[in-house]
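Worksheet: one structure, shown below.
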Amino acid sequence: MRWTCLLILLLLTGVVVAGRLPPEMPENQVFSIDTTISATGIIDESTATDWVVAKEDPLEENNLNASDVISLVVYHDTLKGNGGSVAEAKKFEFDSQSKGSRTYNIEQEKVLSYLSREGSLLTGSERLLMDNTGNYSTSTSTVACVFADEARYLVPAFCNVVEAKSDLININHAKISTKGQIRSAGGFSTPAGLNYRIAVTPDGKSAYAEGTVWTSFAGSIMEARDTNQSDDTWNKTSATNSWKDITRSSGEIRNLQKTFGYRSGLRV
C-alpha cells in the first residue's frame, strides 16, 4: 500500500477503543447489479469493486497526519466453467453514504447450482478485504467527566485489517450460496463491519456435492492505548495478535457451512 500503517489492528471479539470510520463524501454513489443465469455451456463471470475513502487530508498524502482516517475495501468475485449446467441468482449493492451500526456500504448475495457434463468443471473465488487506518485524534466527546472540562484526550492511532475468502476448485456438482456485507464509511463512533457466509450442499440430484472448497478468514492486531494529555502511549504498541481460520474440504461434501462476523468500533 502507498500508506504506511502506523499501527495494525484487527478486532477479534467485542469493540475496541481505537477503531473509527471515515465519513461519506459530499457526492454519494449508489448502484446495484442483479444477475440471473440459467445455461448449459461455458461461463465466465466476474464482479470487482475497489473503494478508498479518506477523512481530513487527501489520498495523495504519503503520511497520515493527526485525525486522518483512510478506509480501503476490496470485493472480488469470479466464476469460470468449461461446460455443464449452471443456474445462478446474484445481487450486488453498493452505497457510499455513511452508515449506521446495522446497515452496510456493500451487500452481496448469490445462490448457485452446477452440474457437470462430459467431464466439465466449475471454479471460482470470492474475496472481501477491509483495511481501516487512522492516526491519533484529540477528542473530548467520548469522555464524560464533569471535573475535567479543560482536559484533552487522545484517541489512539490504529489500522484494522480483515479478510474473508473462499475458493471453488474443480466442482463437479453442488449447490453453493454466499452472502457478504461490508461497512467502511460512517460517523466517528460507527463500528466497521464485515460479515461473510458460505454454504455448500448437494444440488438435489445427488446425496452429496463433489469438488474442493477452501475458506480462509485471517487478520492481525497491533493496538495502542487511549490516554489523556499527561501520557504519550497513544502511538505506542500495547497489544498485538494475529489469527487465521482455514477450512479445506475435498471429495463428497454433504454439508459445509462457514460464517464469519467482524465488528470494530470506538468504545464510548
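The values are calculated or read from the model by the stated rules, or taken from the named source; none is laboratory data. Keep in mind that what you see is a predicted model, and the values were worked out from it rather than measured. Cβ coordinates were reconstructed from backbone atoms using ideal geometry, including for glycine residues, and neighbour counts include every protein chain displayed. Remember, those area values only see protein heavy atoms, side chains included, never the ligands or the DNA or RNA. Shrake-Rupley method; radii C 1.70, N 1.55, O 1.52, S 1.80 Å.
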Original post:
Summing Lys, Arg as +1 and Asp, Glu as -1, what charge do residues with Cβ under 10 Å from the Cβ of LYS258 carry, LYS258 excluded?
Top reply: 0
Original post:
So how exposed is SER71, as accessible area in Å² (1.4 Å probe, rounded to 10)?
Top reply: 0 Å²
**OP:** Beta carbons within 10 angstrom, averaged per residue: use that to sort the peptides 257-265, 159-167, 24-32, highest first.
**Re:** 159-167, 257-265, 24-32
Original post:
What is the distance, in nm, between label points placed 7 Å from the Cα along the Cα-to-Cβ direction at ASN235 and at ASN82?
Top reply: 5.5 nm
Original post:
Hey, if we sort TRP243, TRP51, TRP214 by accessible area with the 1.4 Å probe, largest down, what's the order?
Top reply: TRP214, TRP243, TRP51
**OP:** Please give the solvent-accessible surface of PHE94 in Å², to the nearest 10, using a probe radius of 1.4 Å with every protein chain present.
**Re:** 10 Å²
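Between ASP44 and THR212, what's the calculated FRET efficiency when r is the beta-carbon distance and R0 is 25 Å? Round to 0.05. Working shown, then result.
Working: r = 20 Å, r/R0 = 0.80.
The calculated FRET efficiency here is 0.80.
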